[in-house]
1. Give me the residue from the stretch 330-348 that is part of a loop (DSSP other than H, G, I, E, B) and acidic (Asp, Glu) and, out of that set, surrounded by the fewest Cβ atoms within 10 Å (Cβ to Cβ).
2. Out of the stretch 292-329, which residues are part of a helix (DSSP H, G or I) and out of contact with any strand residue (DSSP E or B) (no Cβ under 8 Å at 6 or more places or on another chain)?
3. When you look at residue 290, is it free of Cβ contacts under 8 Å to residues at least 60 places away in the same chain and either in contact with a helix residue (DSSP H, G or I) (Cβ under 9 Å, 6 or more places away or on another chain) or assigned by TED's automatic domain parsing to the domain that holds residue 238 (or both), yes or no?
4. Is it the case that some residue within the stretch 265-279 is buried (at least 22 other Cβ atoms within 10 Å of the Cβ), β-branched (Val, Ile, Thr) and more than 21 Å from the chain's Cα centre (by Cα)?
5. Which condition breaks for residue 222 when tested against (1) at pLDDT 95 or above; (2) in a helix (DSSP H, G or I); (3) not β-branched (Val, Ile, Thr)?
6. Kindly check whether there is at least one residue in the stretch 152-167 that is at positive phi, buried (at least 17 other Cβ atoms within 10 Å of the Cβ) and not aliphatic (A, V, I, L, M).
7. List pairs: first residue in the stretch 28-49 and among the hydrophobic types (A, V, I, L, M, F, W, C), second residue modelled with pLDDT under 90 anywhere in the structure, Cβ distance under 7 angstrom, at least six positions apart or on different chains.
8. Restricting to helices (runs of 4 or more DSSP H) lying wholly in the stretch 1-103: which have 2 or more residues that are of a type outside the set (Ser, Thr, Tyr) and at pLDDT 95 or above?
Amino acid sequence: MSFLWRWFKRLLLAALIVVLLLALPVIRNEVMCRGEALPQDYTAIVSETRDESRTFTTYPEWHIVHAYADYARVIAADDPHDFGFFEAISGFWSSLCPLTEMADRHGGFTTESKMTIYTIGVSFTAELAMKALYEETLGRVATWIRGPGHSPLDQLSAQQAADYAAFLQQTPWYQWDFRADAQALRDTATGVFRDRERRLALGLEYGAKAAYAGVIADAVAATGQDALTLRAIVTGLAPEALSAIPGVTIIQQRPEGIEVETPRYRELTRVLQRIAAQGGEIAEIAGNDDILLTAISDGPADLGALFTFAMQGSDQVRHLIVVKVPALADRLRELESDGAQLEHIHDY
(Lines give C-alpha, C1' and ligand atoms only; values in the text may rest on other atoms or scores of the structure.)
Protein backbone atom coordinates (compact mmCIF):
# COMPACT_ATOMS: atom_id res chain seq x y z
CA MET A 1 0.00 0.00 0.00
CA SER A 2 2.83 2.39 0.87
CA PHE A 3 4.37 1.67 -2.56
CA LEU A 4 1.15 2.71 -4.32
CA TRP A 5 0.84 5.79 -2.14
CA ARG A 6 4.38 6.90 -3.03
CA TRP A 7 3.66 6.55 -6.72
CA PHE A 8 0.34 8.35 -6.36
CA LYS A 9 2.12 11.29 -4.71
CA ARG A 10 4.75 11.32 -7.44
CA LEU A 11 2.11 11.33 -10.18
CA LEU A 12 0.18 14.05 -8.38
CA LEU A 13 3.32 16.16 -8.06
CA ALA A 14 4.12 15.63 -11.75
CA ALA A 15 0.57 16.66 -12.69
CA LEU A 16 0.83 19.80 -10.56
CA ILE A 17 4.15 20.71 -12.21
CA VAL A 18 2.60 20.28 -15.68
CA VAL A 19 -0.37 22.45 -14.71
CA LEU A 20 1.97 25.13 -13.34
CA LEU A 21 4.12 25.11 -16.48
CA LEU A 22 1.03 25.46 -18.67
CA ALA A 23 -0.29 28.27 -16.47
CA LEU A 24 2.96 30.29 -16.44
CA PRO A 25 2.41 31.98 -19.85
CA VAL A 26 -1.12 32.97 -18.78
CA ILE A 27 0.17 34.40 -15.49
CA ARG A 28 2.92 36.28 -17.30
CA ASN A 29 0.45 37.76 -19.77
CA GLU A 30 -1.88 38.86 -16.96
CA VAL A 31 0.90 40.45 -14.91
CA MET A 32 3.29 41.89 -17.50
CA CYS A 33 1.21 42.57 -20.60
CA ARG A 34 -1.25 45.27 -19.68
CA GLY A 35 -1.94 48.36 -21.74
CA GLU A 36 -3.57 51.58 -20.65
CA ALA A 37 -7.30 50.86 -20.48
CA LEU A 38 -8.97 53.28 -22.85
CA PRO A 39 -12.61 53.31 -23.97
CA GLN A 40 -13.47 53.23 -27.66
CA ASP A 41 -13.49 56.86 -28.82
CA TYR A 42 -14.95 56.36 -32.29
CA THR A 43 -18.61 56.97 -33.10
CA ALA A 44 -19.85 54.17 -35.34
CA ILE A 45 -21.77 54.79 -38.54
CA VAL A 46 -23.38 51.35 -38.83
CA SER A 47 -25.68 49.98 -36.15
CA GLU A 48 -24.28 46.42 -36.23
CA THR A 49 -20.95 46.85 -34.47
CA ARG A 50 -18.33 44.58 -32.94
CA ASP A 51 -15.74 45.27 -30.22
CA GLU A 52 -12.67 46.89 -31.76
CA SER A 53 -10.34 45.05 -29.38
CA ARG A 54 -11.26 41.81 -31.12
CA THR A 55 -9.18 42.65 -34.21
CA PHE A 56 -6.14 42.17 -31.95
CA THR A 57 -7.44 39.18 -30.02
CA THR A 58 -8.36 37.22 -33.15
CA TYR A 59 -4.71 36.88 -34.18
CA PRO A 60 -3.71 34.20 -31.61
CA GLU A 61 -6.20 31.78 -33.17
CA TRP A 62 -4.69 32.54 -36.56
CA HIS A 63 -1.22 31.99 -35.16
CA ILE A 64 -2.28 28.39 -34.57
CA VAL A 65 -3.56 28.18 -38.15
CA HIS A 66 -0.22 29.51 -39.39
CA ALA A 67 1.66 27.05 -37.19
CA TYR A 68 -0.18 24.14 -38.80
CA ALA A 69 0.67 25.56 -42.24
CA ASP A 70 4.32 25.87 -41.21
CA TYR A 71 4.28 22.28 -39.95
CA ALA A 72 2.83 21.07 -43.25
CA ARG A 73 5.60 22.84 -45.18
CA VAL A 74 8.31 21.39 -42.97
CA ILE A 75 7.17 17.77 -43.11
CA ALA A 76 6.55 17.92 -46.87
CA ALA A 77 10.33 18.02 -47.32
CA ASP A 78 11.71 16.90 -43.96
CA ASP A 79 10.45 15.10 -40.86
CA PRO A 80 8.27 16.15 -37.89
CA HIS A 81 11.25 16.46 -35.56
CA ASP A 82 12.62 19.17 -37.88
CA PHE A 83 9.70 21.42 -36.98
CA GLY A 84 10.31 23.95 -34.19
CA PHE A 85 7.46 22.98 -31.87
CA PHE A 86 8.61 25.23 -29.05
CA GLU A 87 9.30 28.04 -31.49
CA ALA A 88 5.64 27.88 -32.53
CA ILE A 89 4.53 27.87 -28.88
CA SER A 90 6.79 30.81 -28.07
CA GLY A 91 5.43 32.75 -31.03
CA PHE A 92 1.88 32.38 -29.72
CA TRP A 93 2.62 33.77 -26.25
CA SER A 94 5.19 36.36 -27.37
CA SER A 95 2.83 37.92 -29.91
CA LEU A 96 -0.06 37.83 -27.42
CA CYS A 97 1.74 40.29 -25.12
CA PRO A 98 1.77 43.34 -27.46
CA LEU A 99 -1.66 42.34 -28.77
CA THR A 100 -3.02 42.37 -25.21
CA GLU A 101 -1.64 45.86 -24.71
CA MET A 102 -3.24 47.02 -27.96
CA ALA A 103 -6.58 45.43 -27.07
CA ASP A 104 -6.58 47.26 -23.73
CA ARG A 105 -6.08 50.56 -25.57
CA HIS A 106 -8.97 49.85 -27.95
CA GLY A 107 -11.89 49.19 -25.65
CA GLY A 108 -10.31 46.55 -23.42
CA PHE A 109 -9.37 42.86 -23.58
CA THR A 110 -12.68 41.33 -22.49
CA THR A 111 -12.89 38.49 -19.98
CA GLU A 112 -14.70 36.38 -22.58
CA SER A 113 -11.90 36.87 -25.11
CA LYS A 114 -9.26 36.14 -22.48
CA MET A 115 -10.92 32.88 -21.49
CA THR A 116 -11.10 31.81 -25.13
CA ILE A 117 -7.52 32.74 -25.97
CA TYR A 118 -6.00 31.34 -22.79
CA THR A 119 -7.90 28.09 -23.30
CA ILE A 120 -6.75 27.63 -26.89
CA GLY A 121 -3.26 28.81 -25.95
CA VAL A 122 -2.89 26.25 -23.18
CA SER A 123 -4.39 23.53 -25.42
CA PHE A 124 -2.03 24.48 -28.26
CA THR A 125 0.94 24.47 -25.89
CA ALA A 126 0.04 21.07 -24.45
CA GLU A 127 -0.61 19.57 -27.89
CA LEU A 128 2.68 20.74 -29.39
CA ALA A 129 4.68 19.89 -26.27
CA MET A 130 3.36 16.30 -26.31
CA LYS A 131 3.93 16.06 -30.06
CA ALA A 132 7.48 17.38 -29.63
CA LEU A 133 8.16 14.87 -26.84
CA TYR A 134 7.13 12.00 -29.11
CA GLU A 135 8.59 13.19 -32.42
CA GLU A 136 11.94 14.14 -30.88
CA THR A 137 12.32 10.67 -29.32
CA LEU A 138 10.41 7.67 -30.66
CA GLY A 139 9.43 9.47 -33.86
CA ARG A 140 13.04 10.38 -34.58
CA VAL A 141 14.14 6.78 -33.97
CA ALA A 142 11.50 5.63 -36.46
CA THR A 143 13.00 7.93 -39.12
CA TRP A 144 16.45 6.47 -38.45
CA ILE A 145 15.09 2.99 -39.04
CA ARG A 146 13.25 4.19 -42.17
CA GLY A 147 16.23 5.91 -43.77
CA PRO A 148 16.36 9.17 -45.76
CA GLY A 149 13.34 8.64 -48.03
CA HIS A 150 9.76 9.34 -46.98
CA SER A 151 7.41 6.40 -46.56
CA PRO A 152 3.87 6.37 -48.05
CA LEU A 153 2.40 7.52 -44.71
CA ASP A 154 4.99 10.29 -44.41
CA GLN A 155 3.72 11.58 -47.74
CA LEU A 156 0.07 11.11 -46.80
CA SER A 157 0.42 12.81 -43.41
CA ALA A 158 2.14 15.79 -45.07
CA GLN A 159 -0.79 16.13 -47.49
CA GLN A 160 -3.27 15.76 -44.63
CA ALA A 161 -1.48 18.50 -42.71
CA ALA A 162 -1.56 20.83 -45.73
CA ASP A 163 -5.25 20.15 -46.35
CA TYR A 164 -6.05 20.76 -42.69
CA ALA A 165 -4.16 24.07 -42.67
CA ALA A 166 -6.06 25.21 -45.78
CA PHE A 167 -9.37 24.13 -44.21
CA LEU A 168 -8.70 26.27 -41.14
CA GLN A 169 -8.50 29.42 -43.26
CA GLN A 170 -12.30 29.66 -43.28
CA THR A 171 -13.73 26.86 -41.12
CA PRO A 172 -13.46 26.03 -37.37
CA TRP A 173 -11.02 23.22 -36.63
CA TYR A 174 -13.59 21.04 -34.89
CA GLN A 175 -15.45 20.54 -38.17
CA TRP A 176 -12.49 18.68 -39.71
CA ASP A 177 -13.04 14.94 -40.19
CA PHE A 178 -10.16 13.47 -38.17
CA ARG A 179 -11.69 10.01 -38.34
CA ALA A 180 -11.48 10.10 -42.13
CA ASP A 181 -7.78 10.93 -41.81
CA ALA A 182 -7.27 8.00 -39.48
CA GLN A 183 -9.05 5.69 -41.91
CA ALA A 184 -6.88 6.98 -44.76
CA LEU A 185 -3.81 6.03 -42.73
CA ARG A 186 -5.11 2.49 -42.33
CA ASP A 187 -6.01 2.23 -46.02
CA THR A 188 -2.66 3.54 -47.29
CA ALA A 189 -0.22 1.95 -44.84
CA THR A 190 2.28 -0.57 -46.15
CA GLY A 191 4.12 -3.12 -44.06
CA VAL A 192 7.28 -1.03 -43.60
CA PHE A 193 8.15 -0.07 -40.02
CA ARG A 194 7.68 3.68 -40.51
CA ASP A 195 4.16 3.21 -41.85
CA ARG A 196 3.23 1.00 -38.91
CA GLU A 197 4.63 3.60 -36.53
CA ARG A 198 2.84 6.52 -38.29
CA ARG A 199 -0.43 4.61 -38.40
CA LEU A 200 -0.28 4.02 -34.65
CA ALA A 201 1.04 7.43 -33.54
CA LEU A 202 -1.06 9.58 -35.86
CA GLY A 203 -4.06 7.29 -35.45
CA LEU A 204 -4.01 7.92 -31.70
CA GLU A 205 -3.58 11.67 -32.28
CA TYR A 206 -6.47 11.84 -34.76
CA GLY A 207 -8.69 9.77 -32.47
CA ALA A 208 -8.05 12.11 -29.52
CA LYS A 209 -8.70 15.17 -31.68
CA ALA A 210 -11.92 13.67 -33.05
CA ALA A 211 -13.21 13.09 -29.52
CA TYR A 212 -12.23 16.60 -28.39
CA ALA A 213 -13.73 18.12 -31.55
CA GLY A 214 -17.05 16.47 -30.75
CA VAL A 215 -17.05 18.06 -27.28
CA ILE A 216 -16.26 21.51 -28.71
CA ALA A 217 -18.89 21.17 -31.45
CA ASP A 218 -21.53 20.33 -28.85
CA ALA A 219 -20.47 23.32 -26.74
CA VAL A 220 -20.67 25.67 -29.73
CA ALA A 221 -24.09 24.30 -30.64
CA ALA A 222 -25.28 24.98 -27.10
CA THR A 223 -23.95 28.55 -26.93
CA GLY A 224 -24.52 29.57 -30.55
CA GLN A 225 -22.04 30.27 -33.34
CA ASP A 226 -20.45 33.68 -33.75
CA ALA A 227 -21.82 35.91 -36.52
CA LEU A 228 -20.48 35.00 -39.95
CA THR A 229 -21.00 38.44 -41.56
CA LEU A 230 -20.29 42.07 -40.74
CA ARG A 231 -21.15 45.55 -42.02
CA ALA A 232 -18.76 48.08 -43.57
CA ILE A 233 -18.90 51.54 -45.17
CA VAL A 234 -17.27 51.83 -48.60
CA THR A 235 -16.61 54.94 -50.71
CA GLY A 236 -15.11 55.59 -54.12
CA LEU A 237 -16.97 52.82 -55.99
CA ALA A 238 -20.33 52.80 -57.72
CA PRO A 239 -23.00 50.44 -56.33
CA GLU A 240 -22.80 48.36 -59.52
CA ALA A 241 -19.08 47.80 -59.07
CA LEU A 242 -19.50 46.91 -55.41
CA SER A 243 -22.33 44.45 -55.97
CA ALA A 244 -20.23 42.71 -58.65
CA ILE A 245 -17.64 41.73 -56.02
CA PRO A 246 -18.38 38.17 -54.79
CA GLY A 247 -19.64 38.16 -51.22
CA VAL A 248 -20.72 41.82 -51.13
CA THR A 249 -24.35 42.67 -50.40
CA ILE A 250 -25.37 46.33 -50.59
CA ILE A 251 -27.53 47.36 -47.63
CA GLN A 252 -28.11 51.08 -48.22
CA GLN A 253 -26.64 54.35 -49.39
CA ARG A 254 -25.57 56.63 -46.53
CA PRO A 255 -24.14 60.16 -46.51
CA GLU A 256 -20.80 58.65 -45.39
CA GLY A 257 -20.77 56.02 -48.17
CA ILE A 258 -22.35 52.71 -49.14
CA GLU A 259 -23.17 50.32 -46.32
CA VAL A 260 -22.39 46.74 -47.32
CA GLU A 261 -22.51 43.33 -45.70
CA THR A 262 -19.67 40.87 -46.28
CA PRO A 263 -18.54 37.46 -45.01
CA ARG A 264 -15.99 37.41 -42.20
CA TYR A 265 -12.68 35.54 -41.89
CA ARG A 266 -10.73 34.68 -45.06
CA GLU A 267 -13.48 35.83 -47.42
CA LEU A 268 -13.40 39.34 -45.92
CA THR A 269 -9.72 39.66 -46.79
CA ARG A 270 -10.47 38.83 -50.42
CA VAL A 271 -13.37 41.29 -50.53
CA LEU A 272 -11.32 44.17 -49.08
CA GLN A 273 -8.45 43.38 -51.45
CA ARG A 274 -10.78 43.69 -54.44
CA ILE A 275 -12.28 46.94 -53.16
CA ALA A 276 -8.81 48.43 -52.77
CA ALA A 277 -7.63 47.10 -56.15
CA GLN A 278 -10.58 48.79 -57.87
CA GLY A 279 -9.81 52.15 -56.28
CA GLY A 280 -12.36 52.00 -53.47
CA GLU A 281 -11.86 53.16 -49.90
CA ILE A 282 -13.10 51.62 -46.66
CA ALA A 283 -14.40 54.21 -44.21
CA GLU A 284 -15.43 51.84 -41.43
CA ILE A 285 -15.63 48.12 -40.62
CA ALA A 286 -18.08 46.82 -38.01
CA GLY A 287 -18.27 50.26 -36.41
CA ASN A 288 -14.48 50.53 -35.94
CA ASP A 289 -11.62 52.66 -37.24
CA ASP A 290 -8.58 50.52 -36.32
CA ILE A 291 -7.72 47.08 -37.70
CA LEU A 292 -4.90 44.53 -37.65
CA LEU A 293 -3.51 42.84 -40.74
CA THR A 294 -0.68 40.41 -41.41
CA ALA A 295 1.68 40.74 -44.37
CA ILE A 296 4.44 38.47 -45.66
CA SER A 297 7.84 39.57 -46.93
CA ASP A 298 10.72 37.62 -48.48
CA GLY A 299 13.16 38.19 -45.67
CA PRO A 300 13.29 41.07 -43.18
CA ALA A 301 11.48 44.30 -44.10
CA ASP A 302 10.65 47.51 -42.27
CA LEU A 303 6.85 47.66 -42.42
CA GLY A 304 6.25 49.40 -39.11
CA ALA A 305 4.96 46.16 -37.63
CA LEU A 306 3.69 45.62 -34.11
CA PHE A 307 5.32 42.17 -34.10
CA THR A 308 7.48 40.28 -36.61
CA PHE A 309 8.73 36.71 -36.77
CA ALA A 310 10.12 34.19 -39.25
CA MET A 311 7.92 31.50 -40.81
CA GLN A 312 9.10 27.91 -40.48
CA GLY A 313 9.80 25.92 -43.61
CA SER A 314 10.30 29.15 -45.52
CA ASP A 315 12.61 32.18 -45.80
CA GLN A 316 9.62 34.48 -45.44
CA VAL A 317 8.73 36.75 -42.53
CA ARG A 318 5.28 37.53 -41.09
CA HIS A 319 4.46 41.07 -39.93
CA LEU A 320 1.55 42.13 -37.70
CA ILE A 321 0.55 45.64 -38.76
CA VAL A 322 -2.00 48.01 -37.18
CA VAL A 323 -3.66 50.50 -39.51
CA LYS A 324 -6.53 52.98 -39.40
CA VAL A 325 -9.50 51.64 -41.36
CA PRO A 326 -9.78 54.78 -43.57
CA ALA A 327 -6.11 54.25 -44.52
CA LEU A 328 -6.51 50.49 -45.10
CA ALA A 329 -7.09 50.58 -48.86
CA ASP A 330 -4.01 52.78 -49.41
CA ARG A 331 -1.94 50.49 -47.17
CA LEU A 332 -3.04 47.44 -49.17
CA ARG A 333 -2.07 49.15 -52.42
CA GLU A 334 1.33 50.12 -50.97
CA LEU A 335 2.31 46.68 -49.68
CA GLU A 336 3.71 45.43 -52.97
CA SER A 337 5.98 48.46 -53.35
CA ASP A 338 7.14 47.83 -49.77
CA GLY A 339 8.25 44.34 -50.78
CA ALA A 340 5.41 42.51 -49.07
CA GLN A 341 2.12 40.82 -49.79
CA LEU A 342 -1.10 40.79 -47.81
CA GLU A 343 -1.76 37.60 -45.87
CA HIS A 344 -4.89 38.28 -43.80
CA ILE A 345 -7.02 41.14 -42.49
CA HIS A 346 -8.19 40.40 -38.95
CA ASP A 347 -11.80 41.34 -38.45
CA TYR A 348 -13.61 41.61 -35.14
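1. Checking each candidate, the answer is 336.
2. 327
3. When the stated conditions are applied, residue 290 does not pass them.
4. Yes, because at least one residue in the stretch 265-279 is buried (at least 22 other Cβ atoms within 10 Å of the Cβ), β-branched (Val, Ile, Thr) and more than 21 Å from the chain's Cα centre (by Cα).
5. (1)
6. For the stretch 152-167, residues at positive phi, buried (at least 17 other Cβ atoms within 10 Å of the Cβ) and not aliphatic (A, V, I, L, M): absent.
7. 37/108
8. So the answer is 59-77.
The values are calculated or read from the model by the stated rules, or taken from the named source; none is laboratory data. None of these values were measured; they are calculated from a predicted model. Positions of Cβ are generated from backbone atoms using ideal geometry, with glycine treated the same way; all protein chains shown enter the neighbour counts.
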